[in-house]
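A short worksheet on the structure shown next.
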Amino acid sequence: MMRKCVQGWFGGWLPLLAAVALGADNASQPASNIAGQQAVQFANYARLLANEPIRKDLGFTPQQTEALQQAFQTYGQQQQKQEQEYPNPQGLSADDRQKFEAQAFKIAEQFGQQLAQIVTAEQTEQLEQINFRLAAYSVLANPAAAQELGLTQEQRQQVEKIQQDLQNQLWQIQHQAAKDSVQVLNAEQLTKLRNLQQRGFRQPPQSAAPGKPQPVRPAQ
């Protein structure tokens, strides 16, 4: 069954976007032309476009939002088909693995082509700036980068404070979400939940799921 989240139709496709990045970033299948490279770039932007505040900042129209929803749905259907064809990618032979990776890249490239047709030139420039800032945030967390940039002590302190404030905000959001989630349950369910925790139940692993609070991987 196709993997889905429970909140929002864009949120429903978020776990699939890790596979978009996998296909788009596959070094063994480079884009063959400028149009292909642009498509790969837009496939990497999918995580940004799945974010409602970013779409709002970009000034997305209802028509663009509808077209974007259709693009996500089409990608999800293609991804589901590939999962059915290759239920165990880790166990593939070298030849089948190559076919799987080529197919994953093609799916990502087609998805990127759809996105490129939806976003205007001005919005594309805004996406590039957003992507740059997100990547810059991660780079600035590296002391070696701060050294090469020649940041002053004051600048380093400012960057450190910004990053610490973010960590505090993420913790507060996570704490509140955990509190709200537990309040949904009744007394009997709470007892069962404690039992599940004691038995070692955890959240199922999702490879680099964009829904988790983590830095967005910059487009290459």
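The values are calculated or read from the model by the stated rules, or taken from the named source; none is laboratory data. Quick caveat, the model's predicted, so the values are computed rather than measured. Here the Cβ is made from the backbone with ideal geometry for all residues, glycine too, and neighbour counts use every protein chain on show.
Observations on the structure shown:
- For the criterion of being among the charged types (D, E, K, R), within 25 Å of Asn51 (Cα to Cα) and either under 21 Å from the mean Cα position of the chain (by Cα) or surrounded by fewer than 14 Cβ atoms within 10 Å (Cβ to Cβ) (or both), Glu125 passes.
- Here Tyr75 does not fit the description of being closer than 30 Å to Gln167 by Cα and among the hydroxyl-bearing types (Ser, Thr, Tyr).
- Selection status of Leu58, crowded, with 17+ Cβ neighbours inside 10 Å, at pLDDT 85 or above and in the same structural domain as Leu127 (by TED's automatic domain parsing): yes
- On inspection, Ser138 passes the criterion of being touching a Pro at 6+ places or on another chain (Cβ under 6 Å) and in a helix (DSSP H, G or I).
- Test: residue in the range 87-109 that is surrounded by 12 or more Cβ atoms within 10 Å (Cβ to Cβ), among the polar types (S, T, N, Q) and not in a helix (DSSP H, G or I): no
- Looking at Gln78, Gln63, just one residue is crowded, with 17+ Cβ neighbours inside 10 Å and modelled with pLDDT of 85 or more, and that residue is Gln78.
- Hits in the range 76-126 (condition: free of Cβ contacts under 8 Å to residues at least 12 places away in the same chain and hydrophobic (A, V, I, L, M, F, W, C)): Leu92, Ala94, Ala121
- Within this structure, Ala146 passes the test of being more than 25 Å from Thr61 (Cβ to Cβ) and assigned to a helix (DSSP H, G or I).
- Residue count for the range 150-160 satisfying the condition of being under 28 Å from the mean Cα position of the chain (by Cα) and without any contact (Cβ under 8 Å) to a residue 12 or more places away in the chain: 2.
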